[in-house]
Amino acid sequence: MTVHTLDTGLFKLDGGAMFGVVPKSMWQKLNPADEHNMCTWALRCLLVEDAGRLLLVDTGIGDKQDEKFRGHFYLHGDDTLEKSLRRLGYTAADITDVLLTHLHFDHCGGGVVRTAGDSLQLAFPNATYWSNEAHWNWATAPNPREKASFLKENILPIQESGQLRFIDPQAGAPKELGSLQDLIFVDGHTEKMMLPKLLYKDRTLVFAADLLPSAHHVGLPYVMSYDVRPLITMDEKARFLQQAATENWVLILEHDHQTECITVEQTERGIKVAEKFRLEEL
């Protein structure tokens, strides 16, 4: 097995929304905001090569949205999903599986592209797209709080393609995704978000998605205002971090533009970041 992180660009989100109840006087030191109170965040994906399959975890925002939409999020940087795949010698046609941790636009938008004729088609024509039924139903009949994050153009073409499959939370990782050791399901950020867990070079890796968007979110009060059930997020995060510290997991961070991977440790003042490093350093 070989595992790579893929950078797909940068975007900005409101610092207050990303750090929740934590005062700006504290989070400003961690990820300084611009004059509009916006902080820079990564759009990092994961690529797993194993047993003749090429698994992509999340797809970033993509580039099919209009300028008005893009202007809200200050998309910038030179990296794209296509460029990052090409640097590894792959094209979109080589991807066999796309696992979407959840269907918010910054995690699934790159899975569907707009053609020159203004039609929508899958970015990865030979891939099976993996979600779960509970989250899919949640996303396709969205609540008012999340409606702006679940965009029909990112979601419905996947179902219409016939390439969508659902994972049963009770059954664990499907056998087709044999490289995955397990999937961790969490409900605080959104209903049934999936965190892939795999064994790599004798280390347990977990792609933390939006349970832990950055190293700065290790502290329990650091919960995004985007989370639909913040108290559940705190409970899920506490259990997740305790196990990560006990078992020395490597946590891959999807949105931290400064830090790619961390480990955590138990201290007298709670769980803290132990190490920061790039995945290729393992």
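The values are calculated or read from the model by the stated rules, or taken from the named source; none is laboratory data. All figures in this text were calculated on a predicted structure; none of them were measured in a lab. Positions of Cβ are generated from backbone atoms using ideal geometry, with glycine treated the same way; all protein chains shown enter the neighbour counts. Just the protein is used for accessible areas: all its heavy atoms, side chains included, with ligands, DNA and RNA removed. Shrake-Rupley method; radii C 1.70, N 1.55, O 1.52, S 1.80 Å.
What order do you get for 71-78, 123-130 when each peptide is scored by the mean count of other beta carbon atoms within 10 Å, highest first?
On the way: 71-78: 13.2, 123-130: 19.9.
Taking the mean over residues of other Cβ atoms within 10 Å, the ranking is 123-130, 71-78.
For the range 201-260, give the percent of accessible area contributed by carbon and sulfur heavy atoms, probe 1.4 Å, rounded to a whole number. Let's see the in-between values first.
On the way: 1180 of 2210 Å².
With neighbouring chains kept in place, the figure for the range 201-260 is 54 percent.
Ignoring GluC sites (Glu not before Pro) that are buried or in helix or strand per DSSP, and keeping those with at most 11 other beta carbon atoms within 10 Å, what is the longest stretch of the chain between them? Intermediate values should be presented prior to the final figure.
On the way: sites that count: Glu35, Glu268.
The segment 36-267 is the longest one with no such site.
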Task: Residue-normalised accessible area of the chain, expressed per residue, 1.4 Å probe, Å² - done: 45 Å²
Task: Phi to ³J(HN,Hα) by Karplus 6.51 cos²θ - 1.76 cosθ + 1.60 over the range 206-218, Hz, x for Gly, Pro - done: 10, 7, 7, 6, 9, 5, 9, x, 8, 4, 5, 8, 5
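Net charge around Trp136, counting only other residues with Cβ within less than 11 Å of its Cβ (Lys, Arg = +1; Asp, Glu = -1)? Before the final figure, lay out each step's value.
Values: positive: Arg165, Lys192; negative: Glu133, Glu191.
Neighbourhood net charge equals 0.
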- [ ] List, in order, the whole-Hz ³J(HN,Hα) value for each residue of the range 51-59 obtained from phi through the Karplus relation with A = 6.51, B = -1.76, C = 1.60 and θ = phi - 60°; use x for Gly and Pro.
- [x] 6, x, 10, 10, 9, 9, 9, 6, 9
- [ ] Please check the chain for the longest run free of trypsin sites (Lys or Arg not before Pro) that are loop-located per DSSP (anything but H, G, I, E, B) and have at most 13 other Cβ atoms within 10 Å.
- [x] 30-144
Open item on the list: Distance cut-off 22 Å, Cα to Cα: go down the list Lys147/Lys192; Lys197/Lys237; Lys29/Lys147; Lys29/Lys68; Lys192/Lys272; Lys12/Lys147 and report the pairs above it.
Closed with: Lys29/Lys147; Lys29/Lys68; Lys192/Lys272
Task: Computed over the range 160-213: relative contact order in percent, which uses C-alpha pairs under 8 Å that are six or more apart - done: 23 percent
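What is the chain's relative contact order, in percent, from Cα pairs under 8 angstrom and six or more apart in sequence?
Working: 576 pairs, mean separation 47.5, N = 282.
Once divided by the residue count of the chain, the mean separation gives 17 percent.
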Task: More than 17 angstrom apart: percent of Cα pairs within the range 1-153 - done: 66 percent
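If Lys and Arg each add +1 and Asp and Glu each add -1, what is the summed charge of the other residues whose beta carbon sits under 13 Å from the beta carbon of Glu35?
Details: positive: Lys12; negative: Asp14, Asp34.
Charge balance near Glu35 sits at -1.
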TODO: Please compute P(r) over all alpha-carbon pairs of the chain, binned at 5 Å starting from zero, and give each bin as a whole-number percent.
DONE: 1, 5, 13, 18, 21, 19, 13, 7, 3, 1, 0, 0
Open item on the list: Quick query: amide H of Asn132 versus all other amide H atoms, modeled in the peptide plane; which residues come in under 5 Å with a sequence gap of 5 or more or a different chain?
Closed with: Ile167
TODO: Would you kindly derive the ³J(HN,Hα) couplings of the range 63-70 from the backbone phi angles with the Karplus curve 6.51 cos²θ - 1.76 cosθ + 1.60 (θ = phi - 60°), listing them in order in whole Hz, with x for Gly and Pro?
DONE: 9, 8, 6, 6, 5, 4, 4, 4
Task: Accessible surface of the range 32-113 [probe 1.4 Å, protein heavy atoms]: carbon and sulfur percent - done: 50 percent
